[in-house]
Structure formats: structure tokens, C-alpha cells
1. Go through segment 120-171 and count every residue that is more than 27 Å from residue 211 (Cα to Cα) and either touching a helix residue (DSSP H, G or I) at 6+ places or on another chain (Cβ under 7 Å) or not in a strand (DSSP E or B) (or both).
2. Kindly establish whether residue 214 is within 21 Å of residue 111 (Cβ to Cβ), in contact with a strand residue (DSSP E or B) (Cβ under 7 Å, 6 or more places away or on another chain), surrounded by 18 or more Cβ atoms within 10 Å (Cβ to Cβ) and assigned by TED's automatic domain parsing to the domain that holds residue 163.
3. If I ask for residues that are in a helix (DSSP H, G or I) and in contact with a strand residue (DSSP E or B) (Cβ under 8 Å, 6 or more places away or on another chain), which ones from segment 37-64 would you list?
4. So which residues in segment 172-188 are out of contact with any helix residue (DSSP H, G or I) (no Cβ under 6 Å at 6 or more places or on another chain) and either outside any helix (DSSP H, G or I) or under 19 Å from residue 84 (Cβ atoms) (or both), if there are any at all?
5. Within segment 224-241, is there a residue that is touching a strand residue (DSSP E or B) at 6+ places or on another chain (Cβ under 7 Å) and part of a strand (DSSP E or B)?
């Protein structure tokens, strides 16, 4: 059966070859229209359109492109998949991958989030690219700590470490699959977590609600006695924030943790 050659990528012209060669030498597998303009010394859109038509580049969003590697084969962009974290690393500056996405990456949650959560310092509307939604969470510059660097396809990616992920998720469970998902992560992975570091990060974040939610979760899952030293010197402030941020405001007021318990945490429900 004869293959449809229309689905194959085509040969390159001189300017197209030059652009891809320079981008490769500069180690820019993902590049912007401005990158192309600085190399071509002219408006790049005719060349970019040709490269896209010939399946040598993939449009990630308006003005952002990925070079399709040679080893992908003759179908080019049709067969090329860019890792979501690599795309995310080009969408904001500064940034780190966090919340539910980091919870899943670290193996603290077996639920795969429907979006990639990106912490950054400026408000930014969600983006949909390559069938993935990217959600931007605005945080203050002072929240950029507890981070680590991982490598994916030779690209360094910044992500919150396990303890910072837990702290962020306790602070904003609405970006983390809900407080029950966070509670499961803590319960099933507590031996992997450094609670001294969680305390340090929580204090640095400056939101005592983190400790209110954590204390209630530890007590509800039978873990508080094991980790109660993390609460030495801490005092729960007045005010009753909700346990579940996007839940109902109806519930019981817990005096010990100064918390509105609007969702039951019951580990027996989690048994398979």
C-alpha cells in the first residue's frame, strides 16, 4: 500500500536550514518568534509558516514553537510529543511546577491532575496547548523557596520539593485536588516527609491555617502523636478558616485547631 506522502515532512530550504541549525547550536529546542527574528534578521513568519507546513516545527502557542527532532521520523510534527513540564518552563518567569502537579510527580498522589499547575509572581490567564491546560497560580516572590531542579529531555525544570508541595497544598487545597487528596498524600506518605522541614516552610509561608489543617489531618488519621513535636511553640490563632476551601461553609467548629470542619477526614474510606 502506497504511503500518503502529504503526511511526511518535506525538505528544507537554505533559510529554514540555517534557522534550525543556529537554534540547535544555541540549544533552543523550544524557541520564540523573536528568537527566529534575531537569527534571520528579518520578519520570520513566512519561514516559520513553511517549517510548520513541512512538519519541522510544532506550534505550542502563538509565538512559541518546538523543533521536531530528526529521530521522530518522516511524519515529523504529527508524531511529536513535548513533555508538559518542558512547555510549562517556557510559559512564565520566574516559575515553579507546584500544587497538584508536584503532588503527583513526587508520588504523593495517584490522581493525575487534568492540568499543569505553575506558580509564578504575576497574574496570568490559563492556557490550553497540545491538549493540556496550564493553570498559573500567583504567589509572592517570598514563596519561592523549597524548590528543586529536575531534568527532562535535557531541560532543567524547577519544581517544589515534597515538603514545599505539602505546605502549598495545605495553603491552597483548591489547587491540589481538594483537602481530602492532600490528607491522603500526608497519611500514605508520612514516613517519606520531613515534618521539621514542613514546619520551617509553613512558618516561612506565614499562614497559620497551614498548621490548623495539618494538625486536624494528623489527628484524624492517627498520626498526631508521632509528629506532635512539629507543633512545639506553635499557637493556633483566632478565626476559623474552612478545612476545605471550595466546600460548603456549613460544618462543626473545632476549638482545638480553630478550624471550620466542613469535610470529614476518615481514613477508613480510603482503604481499597
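1. 13
2. On the way: within 21 Å of residue 111 (Cβ to Cβ): yes; in contact with a strand residue (DSSP E or B) (Cβ under 7 Å, 6 or more places away or on another chain): no; surrounded by 18 or more Cβ atoms within 10 Å (Cβ to Cβ): yes; assigned by TED's automatic domain parsing to the domain that holds residue 163: yes.
No; evaluated as a whole, the condition is false for this residue.
3. 48, 51, 52
4. Across segment 172-188, the qualifying residues are 172, 178.
5. Checked against the condition, which is being touching a strand residue (DSSP E or B) at 6+ places or on another chain (Cβ under 7 Å) and part of a strand (DSSP E or B), segment 224-241 yields no hits at all.
The values are calculated or read from the model by the stated rules, or taken from the named source; none is laboratory data. Not measured: the values here are computed from a predicted model. Don't worry about glycine lacking a Cβ; one is built from the backbone with ideal geometry, like all the others, and counts go over all protein chains shown.
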